[in-house]
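Values quoted throughout were computed directly from the atomic coordinates according to the rules given, and no laboratory measurement underlies them. All values reported here derive from a predicted model rather than from experimental measurement. Reconstructed Cβ throughout: ideal geometry from the backbone, glycine too, with neighbour counts over all protein chains shown.
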Amino acid sequence: MTQEKKSATPKKPAAPARKPRAAKPKPAAKRWDIEGIDDWGASRHELGATIPDAGNSVENVTGGWRTNVPAIDPAKCTGCMLCYFYCPDASIIVEDGIATGVDLAHCKGCGICAAECPADAITMSLEEKE
Ligand code: SF4
Ligand code: SF4
């Protein structure tokens, strides 16, 4: 009589058969004609919203775009400066390490400062227009 060897580990169940993968779609056809791109220049494009000089955003008053306006309560401000760094329009006014106000000529009322302030020192409200 022969003795059969017993396996110590139980056999794993057979993996289910995989479905064949669908063929990958071909990449979309080229959408842009960039032939002669080395010859392209500003003359090829119509003049639109162009900023002719770097660093001139202070000259472009954008406060009129605003619908909501932020108000800062300096008494609640801890001086973390998150609003200052997050403001996309560099409109937070800081005095002695505390946010004290907003440059309303440039603030667009996005509300990022209020959303980021950990001290709830900034509130947004609908701006009254004349
Ligand atoms: S509302 Fe927007 S643009 Fe105005 S101060 Fe806050 S982060 Fe800056
Ligand atoms: S995020 Fe709030 S607490 Fe921080 S500096 Fe601005 S107003 Fe002050």
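Which trypsin sites (Lys or Arg not before Pro) does the stretch 46-130 hold that lie in a coil by DSSP with at most 10 other beta carbons within 10 Å?
Sparse-neighbourhood loop trypsin sites (Lys or Arg not before Pro): 129.
Work out, step by step, the length gained on full extension between residue 38 and residue 60: first 0.36 nm times the residue separation, then minus their alpha carbon distance; give nm to one decimal.
Full extension of this stretch gives 4.7 nm more.
Distances over 14 Å make up what percent of all Cα-Cα pairs in the stretch 67-130?
48
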